[in-house]
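Right, one structure below, let's go through it.
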Amino acid sequence: MLWSGNTAGWITLMFERLDTRRAVDLGPASPDLGDVMDIVRVLGETLTPAPGAEVPSASDNVQFLMRRRSGGPEGGALRG
């Protein structure tokens, strides 16, 4: 994990991207399709109605992280 934060009751985690050996197949006969659809259904149920209009946008969070990484005004570079 590279970073975590908590804003307005939301927890955000940032992980390194991992290269995988197998791509998810979303074709009509794919064995992966059921799992993907289950995840989309759960996310839709959990995030409806959309929570927290006061939560900062993802782009705001990324800009904050980039400033921290470069030692910007939020104080110091990210520590590993």
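The values are calculated or read from the model by the stated rules, or taken from the named source; none is laboratory data. Note that the structure is a prediction, hence the values are computed from the model and not measured. As a convention, Cβ positions derive from the backbone with ideal geometry for all residues, glycine included, and neighbour counts pool all protein chains shown. Calculation scope for accessible area: heavy atoms of the full protein, side chains included, ligands and nucleic acids excluded. Shrake-Rupley method; radii C 1.70, N 1.55, O 1.52, S 1.80 Å.
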Neighbours by Cβ (under 7 Å, 6+ apart or cross-chain): first from the stretch 14-25, over 14 Å from Val36 (Cβ atoms); second open to solvent by less than 100 Å² (accessible area, probe 1.4 Å) and part of a loop (DSSP other than H, G, I, E, B) = Met14/Leu2; Phe15/Leu2; Glu16/Leu2
Only one of these conditions is not met by Trp3: (1) of a type outside the set (Asp, Glu); (2) in contact with a helix residue (DSSP H, G or I) (Cβ under 7 Å, 6 or more places away or on another chain); (3) touching a residue at least 60 places away in the same chain (Cβ under 8 Å); (4) open to solvent by 70 Å² or more (accessible area, probe 1.4 Å). Which number is it?
-> (4)
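For (1) at pLDDT below 85; (2) outside any strand (DSSP E or B); (3) open to solvent by 90 Å² or more (accessible area, probe 1.4 Å), each residue gets a yes or a no:
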site: Ile11; (1), (2), (3): no, no, yes
site: Arg21; (1), (2), (3): yes, yes, yes
site: Asp25; (1), (2), (3): yes, yes, no
site: Pro31; (1), (2), (3): no, yes, yes
site: Gly34; (1), (2), (3): no, yes, no
site: Met37; (1), (2), (3): no, yes, yes
site: Val40; (1), (2), (3): no, yes, no
site: Pro49; (1), (2), (3): yes, yes, yes
site: Ala53; (1), (2), (3): yes, yes, yes
